[in-house]
1. Given Cα pairs under 8 Å that are at least 6 residues apart, what percent is the relative contact order of chain B?
2. A:Thr35 to A:Ser62: extension gain in nm, 0.36 nm per residue of separation minus the Cα-Cα distance?
3. Which distance in nm do the two modelled labels at B:Asp137 and A:Arg86 give, with both placed 7 Å along the Cα-to-Cβ direction?
4. Using only Cα atoms and rounding to the nearest 10 degrees, what angle (0 to 90) does helix B:17-30 make with the longest principal axis of chain B?
5. Which log10 I(q)/I(0) values does region B:29-97 give at q = 0.20, 0.26 Å⁻¹ under the Debye formula, counting every alpha carbon as one identical point scatterer?
6. Can you pull the one-decimal nm distance between simple spin-label points at B:Arg155 and B:Lys176, each 7 Å off the Cα toward Cβ?
7. Could you rank the peptides B:167-176, A:18-27 by their average count of other C-beta atoms within 10 Å per residue, with the highest value first?
8. Tell me, rounded to the nearest percent, the portion of alpha carbon pairs in region B:159-257 spaced more than 22 Å apart.
Amino acid sequence: MRALGRLFGGRGQDEPASGTVAKERLRLVLAHDRTSISPTLLEMLKDEIIAVISQHVQIDASAVEVSFSQNARETRLVADIPLLSRPKRR
Amino acid sequence: MTAKVVTVTSGKGGVGKTTITANLGVALALHSQRVVVIDADVGLRNLDVMLGLENRIVYDLVDVIEGRCRLRQAMVRDKRLPEMFLLPAAQTRDKTAVQPADMVRVCDELREECDFVLIDSPAGIEQGFRYAIAPADTTIVVTNPEVPAVRDADRVIGLIEAEEKGPIRLVINRIKPRLVRRGEMLSVSDVVELLSIDLLGIVPEDHAILIAANRGQPLAFSHNSSLAGEAFHNIARRLLGEKVPFMVLREPTMWKRIVGLIRSGEE
């Protein structure tokens with residue numbers, strides 16, 4: 001039945017509309033194009049940021065997120081770095 | 001008179017630059033403006049056929065630049081619109097025949113004689129694009145609500161910004177309201193949000209555009225007969241500084257679609 005729906009241009013329940021997919025893909029592609037930062041470079045930056053910061057403070061390296069934020073035609077690199085709270089001393 | 005020089009560009013080919021230039025030229029002329037449209041696509045000229053002026057060309061842009069004729073001699077007057085002229089591209093040359101400074105010189109000469117100079121830029125971001133934007137006071141970036149067209153538009157916007165070529169305004173062409181409603185096409189607000197530039201106009205997909213191109217009679221000549229024709233006139237009015245609300249694009253009703261089908265069968 002689902003296959004039949006697809007045949008007529010329908011989509012599965014959990015599948016987002018292609019317009020939304022297009023917008024999300026473009027958001028990322030444009031950020032990379034505008035800054036000429038490739039996804040590989042972004043990964044590299046992330047690893048180095050983690051390395052530098054870890055030298056001084058304890059962070060949750062697995063939860064670090066480095067991404068782009070857009071404001072008008074200005075692009076920012078945003079790093080979200082969760083700090084590990086110090087174990088409480090009594 | 002000091003004309004405003006407006007370059008129509010897009011990055012990607014086939015999004016409707018020439019259609020929009022031709023129709024804007026006609027619409028502005030119908031609003032009593034003196035207009036010169038320049039086909040800057042040297043080697044692949046098409047603005048002449050869109051306007052139905054292909055049989056009237058004697059000299060072209062490259063003849064003017066290389067001094068084989070005066071600017072006046074190359075300008076083709078549109079008989080239907082005494083206030084509109086076409087400066088055609090050369091067909092047997094390529095884009096290396098034109099330098100940015102040449103376009104600036106030609107446009108400076110035209111500035112004294114008309115209200116608007118519209119330049120139909122070639123696709124791409126190479127020399128043709130460079131000389132097409134060189135004289136621009138304003139640029140219009142044309143895109144379609146599709147991933148490759150929006151991406152290329154963004155790239156072109158970045159290049160124009162770097163050249164500091166005045167305001168950049170967006171025209172979204174070939175919108176299919178039915179697909180947008182189903183969520184299967186980028187909406188106007190999606191595209192504006194992604195590109196973050198000022199929206200100048202929206203044009204629905206319309207078979208009448210193809211028919212008009214077949215006849216060499218741009219839709220803007222009869223703006224009441226079609227939604228796209230009305231859209232072109234709205235863009236022209238906004239270029240003239242009027243505040244015109246954006247049209248609400250609804251999908252045609254079942255009844256209209258049936259009538260449309262019957263009509264297209266008759267023609």
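1. Relative contact order here is 24 percent.
2. Numbers: separation 27, 0.36 × 27 = 9.72 nm, distance 2.51 nm.
Contour length minus the Cα-Cα distance gives 7.2 nm.
3. Once both label points are built, they end up 6.5 nm from each other.
4. Between helix and principal axis, roughly 80 degrees.
5. Scattering profile of region B:29-97, log10 relative to I(0): -0.76, -1.17.
6. 2.4
7. B:167-176, A:18-27
8. Working: 1820 of 4851 pairs.
Counting pairs separated by more than 22 Å, the tail of P(r) holds 38 percent.
No value in this document is a laboratory result; all are computed from the given coordinates. Worth saying up front: this structure is predicted, and the values here are computed from it rather than measured. Virtual Cβ from ideal backbone geometry, glycine too; neighbours counted across all protein chains shown.
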